[in-house]
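As structure tokens, the structure follows; a few thoughts come after it.
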Amino acid sequence: MKIEMFFAEHPYAIRPYNELDESLECYAYPGALSDRWVAGVSIRIDSALRDPWVGHFLSGRESPRSTSVCCDHPDGVHAVIVAGGVAYQISPVNPEEWAELPIRPVMGLCPSISAKALALFDYSRILVLYADGRHWITGALSWDGLKNLREVDGVILGEGWDATTGRDLPFEVDLASRNIVGGASPPTV
């Protein structure tokens, strides 16, 4: 499990969990259940505004290739924890303030420093989290699987599988305008 910090300084730190942290206040997610544990990702949160605590985040089972990563939210207030493809947004100051993000399984992520946004992607769509707290989910950009995602000047570039041609087609997602060019998806019925 990786810990990444992409956006500016924060009044909290995400650290790997170890046995010495067992005496700390802990919560299990989903649910923010006090003094519980679940199988998945376990981390320690140190905040300047409260005592350290431990979060245990239940992993998803949809894909063995889904990701597990912890990172900062572009809003500078929350953290994003992805455990086996399940994405959680938490408050490092208030462990009971949490939400499961509406995309699953998360197969990867792509930050945009210039757009102050974080993109999480599943098999065919992208969820974008913005610094002002808004979020947006694209329509399908692929029949099955997104590849080679990268950010250039506030635009997410990548490739999506087109079953009609049997090849990957490029796409661009402008994070500011929400304009999408390219990609491929099954016809809607």
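Annotations
- Verdict on ASP72 being charged (D, E, K, R) and under 16 Å from the mean Cα position of the chain (by Cα): yes
- Filtered residues of the range 133-162 (kept if hydrophobic (A, V, I, L, M, F, W, C) and either within 21 Å of PRO105 (Cα to Cα) or touching a residue at least 60 places away in the same chain (Cβ under 8 Å) (or both)): TRP136, ILE137, ALA140, LEU141, TRP143, LEU146, LEU149, ILE156, LEU157, TRP161
- Only listed residue being more than 30 Å from SER124 (Cβ to Cβ) and surrounded by 14 or more Cβ atoms within 10 Å (Cβ to Cβ), chosen from ASP35, ASP75, ASP21: ASP21
- Within the option set LEU169, LEU129, LEU157, being crowded, with 19+ Cβ neighbours inside 10 Å and not acidic (Asp, Glu) holds for one residue only, LEU129.
- Hits in the range 89-108 - residues which are more than 15 Å from GLY55 (Cβ to Cβ) and among the β-branched types (Val, Ile, Thr): ILE103, VAL106
- Elements of type strands (runs of 3 or more DSSP E) in the range 113-189, at least 3 residues being more than 19 Å from the chain's Cα centre (by Cα): 155-162, 167-174, 180-182
- The residue of the range 58-74 that is farthest from ASP46 (Cα to Cα), among those that are touching a residue at least 40 places away in the same chain (Cβ under 8 Å) and part of a strand (DSSP E or B), is VAL69.
- Residues in the range 23-78 that are of a type in the set (A, V, I, L, M) and more than 26 Å from LYS116 (Cβ to Cβ): LEU24, ALA28, ALA32, LEU33, VAL38, ALA39, VAL54, LEU58.
- Residue list for the range 40-69, filter: of a type in the set (A, V, I, L, M) and either buried (at least 18 other Cβ atoms within 10 Å of the Cβ) or at pLDDT 95 or above (or both): VAL41, ILE43, ILE45, VAL54, LEU58, VAL69
The values are calculated or read from the model by the stated rules, or taken from the named source; none is laboratory data. What you see is a predicted model; the values in this text were computed from it and never measured. Note: ideal-geometry Cβ built from the backbone for every residue, glycine included; neighbour counts use all protein chains shown.
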